[in-house]
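Computed from the coordinates by the stated procedures, all read-outs in this text should not be read as laboratory data. It should be emphasised that the depicted structure is a prediction, and the values quoted were computed from it without experimental measurement. Heads up, the Cβs are rebuilt from the backbone with ideal geometry, glycines too, and the neighbour counts pull from every protein chain shown.
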Amino acid sequence: MTIDSNAHAQAIRGSLQSLAGDADLAGMELVRLIGMVATAYASAVDENLRDAGLSWPRLGLLLRLMAEERCGVAGGLSPTHLSHHQNVSKNTISALLRGLEEQGLIERTLDADDHRVFRIRLTDAGRQIIQAHAPGHIRLMNELAAGLTAEERQQLTALLTKLHQLLMTPRTESVG
């Protein structure tokens, strides 16, 4: 059985609209498209990094550690700090760090002042893998958006930045 994807998409929209009544579905469409774009980006990046034994989240952590190191944070970062700045849960950060540690790309040491806290630092192997793969990663990111003009990329960046700021602003009313 062949499904007409346009007709199916219209049927789905119609079903959602009947549930929404007079409400605009633009917000749902925006979330759907952002999710699809994020998934497509993650797939492309993960495919590109597979041979290096990396994923987008792992590379993101390595890049963050290198950037902080280059900004003078020589003692390393706490997993909590990384979790917050990578916008992932503490469980997720622990799993990512464990994998990077097993690969020999990072090291964990106890904080000199607070032995309850670990500090995460790059190893030489971690620095080398970033230096080897960051240029290709940056090229890929640019290639993925190459179908947009420079002006469109700036507009999209500005709009997504604005949307992110709006989402991070506490809301006073609840949905329901």
Among helices (runs of 4 or more DSSP H) lying entirely in the range 67-176, which contain 2 or more residues that are loosely packed, with under 12 Cβ neighbours inside 10 Å? 90-102, 124-144, 150-168
Name, by its number, the condition in (1) free of Cβ contacts under 8 Å to residues at least 60 places away in the same chain; (2) under 15 Å from Thr123 (Cβ atoms) that does not hold for Ser94. (2)
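Identify, from the list Thr123, Thr109, Thr39, the residue that is touching a Lys or Arg at 6+ places or on another chain (Cβ under 9 Å) and without any contact (Cβ under 8 Å) to a residue 60 or more places away in the chain. Walk me through it before giving the result.
Details: Thr123 fails: touching a Lys or Arg at 6+ places or on another chain (Cβ under 9 Å); Thr39 fails: touching a Lys or Arg at 6+ places or on another chain (Cβ under 9 Å).
Result: Thr109 is the single residue among Thr123, Thr109, Thr39 that is touching a Lys or Arg at 6+ places or on another chain (Cβ under 9 Å) and without any contact (Cβ under 8 Å) to a residue 60 or more places away in the chain.
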How many of the residues making up the range 45-60 are touching a residue at least 40 places away in the same chain (Cβ under 8 Å) and in a helix (DSSP H, G or I)? 6
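Would you be able to tell me the number of residues in the range 45-64 that are surrounded by 13 or more Cβ atoms within 10 Å (Cβ to Cβ) and either of a type outside the set (Gly, Ala, Ser) or more than 30 Å from Arg98 (Cβ to Cβ) (or both)? Steps first, please.
Filtering the range 45-64 down to residues surrounded by 13 or more Cβ atoms within 10 Å (Cβ to Cβ) leaves 45-46, 48-49, 52-64.
Subsequent filtering for residues that are either of a type outside the set (Gly, Ala, Ser) or more than 30 Å from Arg98 (Cβ to Cβ) (or both) retains 45-46, 48-49, 54, 56-59, 61-64.
Residues meeting the conditions: 13.
Among the residues of the range 142-159, write down those that are without any contact (Cβ under 8 Å) to a residue 24 or more places away in the chain and within 20 Å of Ala44 (Cα to Cα).
Step one: of the range 142-159, the residues without any contact (Cβ under 8 Å) to a residue 24 or more places away in the chain are 142-143, 145-159.
Selection gives Asn142, Glu143, Ala145, Ala146, Gly147, Leu148, Arg153, Leu156, Thr157.
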Restricting attention to the range 21-44, which residues are exposed (fewer than 11 other Cβ atoms within 10 Å of the Cβ), assigned to a helix (DSSP H, G or I) and either aromatic (Phe, Trp, Tyr) or over 20 Å from the mean Cα position of the chain (by Cα) (or both)? Ala26, Gly27
